[in-house]
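The values are calculated or read from the model by the stated rules, or taken from the named source; none is laboratory data. Here the structure is a predicted model, which is why all the values come from computation and not from measurement. Backbone-built Cβ (ideal geometry, glycine too); neighbour counts: all protein chains shown. SASA here: full protein model, heavy atoms, side chains in, ligands and nucleic acids out. Shrake-Rupley method; radii C 1.70, N 1.55, O 1.52, S 1.80 Å.
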Amino acid sequence: MGTKGMDQISEKKRGKNKLKSKKKAEDVVDGTPMDDMSDKKRGKNKLKSKKQEAEEHEEQLKRLKETQAEFFEYMKEHDEDLLKFDAAEFEDDADAETDLEDTEKQGDDETTKLEVAKKANEQKTITAAMVDSWCKLIKEDAKLGAVRSILRAYRTACHYGDDTGDDPSAKFSVMSSAVFNKIMIFVLSEMDGILRKLLRLPATGGMKDTIMELTNTRPWKNYNHLVKSYLGNSLHVLNQMTDQGMISFTLRRLKHSSVFLSAFPSLLRKYIKVALHFWGTGSSSISVVSLLFLRDLCIRLGTDCVDDCIKGMYKAYVLNCQFVNAVKLQHISFLGNCFIELLGTDISASYQHAFVFIRQLAMILREALNTKTKEAFRKVYQWKFIHCLELWTGAVCSYSSQSELRPVAYPLAQIISGVARLVPTARYIPLRLRCVSMLNRIAASTGTFIPVSMLLMDMLDMKELNRPPTGGVGKGVDLRTLLKVSKPAVKTRAFQEACVYSVVEELVEHLTQWSYSVAFFELSSIPTLRLRSFYKSTKAERFRKEMKQLISQIEANSEFVNKKRACVGFQPNEPAAASFLEDEKKAAESPLSQYAVIIRQRAKQRNESLVESDVIVGEDSAVFGKNAPSSDEEEDEADRNEKGAAAFSSSWLPGSDSKEKEAEEEEEKKKPKKRKRKSQAEKKQVEEGAGEDDVVEDFVFSSDEEDDLFDIEGDKDEEDDVDDDAADEIAEPETKKTSKKTKGTYKTWHKNYKKTKNKKARVA
């Protein structure tokens with residue numbers, strides 16, 4: 001080919017390119033490609049065709065019932081789901097999109113008036129009028145678009161103050177505290193009912209099985225993102241709340257939606273951690289609301305959360321027992337009763353945890369008995385260990401009628417007896433009396449005989465209670481708030497009186513339990529002999545009078561039982577012996593039962609004189625029941641709004657606390673370097689203990705952390721230390737040798753120091 005042919009071909013190609021560019025220019029109209037416009041039209045046609053197809057299919061099913069009734073009945077028997085078709089579901093989806101477009105257009109009109117220059121990074125301000133309009137649309141017309149808009153605003157409210165940066169996907173960003181309070185009150189009060197209507201669930205209640213069945217339905221696939229958004233944003237704002245009223249109201253309202261957490265396991269674990277944190281560190285009101293939330297979770301969701309809740313509550317209880325005073329004892333008693341109530345939700349799972357934790361206590365006691373060192377004794381003779389024994393004693397007593405926890409009573413009684421005999425000195429009489437009280441409670445609830453009289457008689461034989469007091473009268477001693485007493489207090493008259501009267505009270509409680517037994521004369525003979533020996537040895541007239549009165553009551557009760565026993569023809573080992581004096585026991589006719597009433601009144605008066613108030617928070621366990629919780633919070637809308645307005649009445653917004661902390665940190669950085677040591681020490685204290693500034697503390701612990709609960713590092717200088725003299729007596733000879741070596745090294749150092757001092761004096 002020549003050059004002319006090549007030129008013709010190139011001209012043809014240029015003409016084709018020009019035609020293509022013209023077509024592209026024609027396809028673009030007003031800045032939007034024609035393909036995109038055609039796609040939008042196709043989408044609308046598809047949406048319309050889906051509506052028409054759904055309506056046509058529904059008409060076909062109606063015609064099928066009229067024309068072919070036999071076939072319709074056959075389908076109804078074998079595959080009824082095919083006949084359950086509702087065309088309204090497709091209409092709801094279309095309406096939702098149109099409602100969303102309407103609300104978005106209204107918001108766009110408002111923002112364009114305020115911010116015309118910033119179209120790229122457009123952010124909307126939420127006003128009270130917008131919130132009122134959404135609430136009105138939801139209540140009157142049940143518009144799904146308004147529900148989604150209020151949930152977007154709720155997400156903005158919950159994440160207000162977060163470092164989101166220039167997020168173009170953020171629909172709303174700015175609000176006032178009044179708007180924040182209005183959104184929080186409406187969503188927390190009404191969203192549970194709205195979601196239940198969308199998902200076609202009952203207004204209240206529900207169990208895990210119903211939610212698991214719901215996850216396979218079309219409504220759940222359409223609206224599960226709304227449920228997740230509501231629960232996830234509520235968790236986020238709950239972590240930032242500091243006001244007790246806000247926390248209580250939020251947890252109380254979220255309890256109604258707790259059943260939805262079965263579909264979101266990750267959210268469930270986070271909610272358990274938050275509730276455990278509030279239960280262990282909050283005030284009494286927040287602890288009660290947190291307990292009700294956790295209990296509701298355990299009942300509705302079953303084994304999915306029972307194990308985590310029991311482990312977490314046990315860890316929180318142990319951490320609260322680390323440092324004890326008169327006020328803290330009341331809170332610890334309350335936490336213990338809460339834990340016992342939670343165990344009742346699943347007794348079989350509770351037995352497994354009780355076995356593991358009681359075995360852990362037994363291993364600590366075994367280590368102390370085998371090694372006989374001060375460190376091992378300290379692990380046993382500390383508040384954490386004793387309160388754990390009292391906790392499981394309360395659990396066994398509360399559920400003694402059920403067969404699951406009854407087998408735990410025997411090993412628990414063995415551990416308590418071993419603890420009482422570990423260091424038999426007068427300074428630990430308060431601890432021994434606590435152990436005897438626990439054994440009496442176990443014996444009364446289970447109906448088994450536990451020989452506690454020997455423990456009590458051993459206390460009366462101690463030389464500190466038989467000698468006249470050399471330390472004067474002394475201050476009143478409240479044995480309920482002590483594990484041991486100081487050496488000067490042992491020599492006072494007040495300590496002797498408190499010990500003797502407490503021994504009498506516990507002995508009367510023990511003997512009263514068996515005052516209607518056929519063998520009462522035999523089991524009371526040895527305590528009677530030892531009481532008489534104490535009566536002869538003591539020189540205090542007040543103690544002699546007390547012993548004489550107690551001995552006379554025991555003898556009177558023995559005569560009462562022997563008279564009834566002489567008229568009986570069965571043997572003590574026969575089953576008929578169980579019904580011996582059953583009517584008299586119900587009427588409390590024995591002399592010891594009547595004497596026990598007087599002793600209890602006297603003990604109550606003595607305890608009231610030692611403390612200003614005898615009311616202990618949570619002393620009596622509340623009765624919640626074991627069935628699924630009813631709708632006890634079926635409140636009217638006005639009541640919910642009043643409580644919500646009372647809770648969210650401040651000008652608090654999320655993120656304000658974090659900004660204050662950042663300002664404080666910046667001020668600390670500006671301070672001189674001399675305070676660095678102090679800050680490092682404070683950091684160590686926070687790392688060792690539970691930090692107060694932690695938002696959520698992970699109370700769900702592993703098996704490795706279980707052994708760390710009873711560590712005694714940092715507690716050696718407290719009042720709970722083991723008596724040095726008693727520990728030296730019980731410790732092995734190796735420990736004594738080491739102490740002699742230390743004394744020898746001190747003597748040699750002191751001699752060398754004197755020599756050098758004399759040399760310096762001579763030189764001078």
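In segment 98-109, the count of residues that are open to solvent by less than 90 Å² (accessible area, probe 1.4 Å) and at pLDDT 75 or above is zero.
Residues in segment 307-323 that are assigned to a helix (DSSP H, G or I) and not acidic (D, E): C309, I310, K311, G312, M313, Y314, K315, A316, Y317, V318, L319, N320.
Candidates in segment 583-599 are the residues that are of a type in the set (S, T, N, Q) and touching a residue at least 60 places away in the same chain (Cβ under 8 Å); of these, the one that is surrounded by the fewest Cβ atoms within 10 Å (Cβ to Cβ) is S593.
State whether one or more residues within segment 528-540 are farther than 16 Å from L460 by Cβ and at pLDDT 90 or above. Looking through segment 528-540, none of the residues is farther than 16 Å from L460 by Cβ and at pLDDT 90 or above. Do we have any residue at all in segment 455-465 that's within 19 Å of V423 (Cα to Cα), at pLDDT 90 or above, out of contact with any Cys (no Cβ under 7 Å at 6 or more places or on another chain) and open to solvent by 50 Å² or more (accessible area, probe 1.4 Å)? Looking through segment 455-465, at least one residue is within 19 Å of V423 (Cα to Cα), at pLDDT 90 or above, out of contact with any Cys (no Cβ under 7 Å at 6 or more places or on another chain) and open to solvent by 50 Å² or more (accessible area, probe 1.4 Å).
Do you know which residues across segment 321-367 are at pLDDT below 90 and under 12 Å from W279 (Cβ atoms)? Residue satisfying the conditions is H331 alone. Do the conditions hold for T470, that is, is it among the polar types (S, T, N, Q) and open to solvent by 60 Å² or more (accessible area, probe 1.4 Å)? When the stated conditions are applied, T470 passes them. A single member of N224, N216, N181, N233 is out of contact with any helix residue (DSSP H, G or I) (no Cβ under 9 Å at 6 or more places or on another chain) and not aliphatic (A, V, I, L, M), and it is N216.
Of the residues making up segment 541-553, not a single one is within 21 Å of A603 (Cβ to Cβ), touching a residue at least 12 places away in the same chain (Cβ under 8 Å) and not in a helix (DSSP H, G or I). Does segment 566-574 contain any residue that is in contact with a Leu (Cβ under 8 Å, 6 or more places away or on another chain) and either open to solvent by 80 Å² or more (accessible area, probe 1.4 Å) or not hydroxyl-bearing (S, T, Y) (or both)? No. Of the residues making up segment 324-335, those that are closer than 17 Å to L483 by Cβ, in contact with a helix residue (DSSP H, G or I) (Cβ under 8 Å, 6 or more places away or on another chain), assigned to a helix (DSSP H, G or I) and not charged (D, E, K, R) number 3. For segment 306-342, the set of residues classified as closer than 19 Å to L254 by Cβ and without any contact (Cβ under 8 Å) to a residue 40 or more places away in the chain consists of C309 only. If I filter segment 509-528 for residues that are among the acidic types (D, E) and either within 25 Å of F449 (Cα to Cα) or open to solvent by less than 20 Å² (accessible area, probe 1.4 Å) (or both), do I get at least one hit? Yes: segment 509-528 contains one or more residues that are among the acidic types (D, E) and either within 25 Å of F449 (Cα to Cα) or open to solvent by less than 20 Å² (accessible area, probe 1.4 Å) (or both). Residues in segment 205-220 that are among the aromatic types (F, W, Y) and within 18 Å of G302 (Cα to Cα): there are none.
Among the candidates V500, V452, the residue that is touching a His at 6+ places or on another chain (Cβ under 9 Å), modelled with pLDDT of 90 or more, closer than 26 Å to L529 by Cβ and buried (at least 18 other Cβ atoms within 10 Å of the Cβ) is uniquely V452. The number of residues in segment 426-470 being basic (K, R), without any contact (Cβ under 8 Å) to a residue 40 or more places away in the chain and part of a helix (DSSP H, G or I) comes to 2. Checking each residue in segment 571-583 for being within 16 Å of S515 (Cβ to Cβ) and in contact with a helix residue (DSSP H, G or I) (Cβ under 8 Å, 6 or more places away or on another chain) picks out F580, L581.
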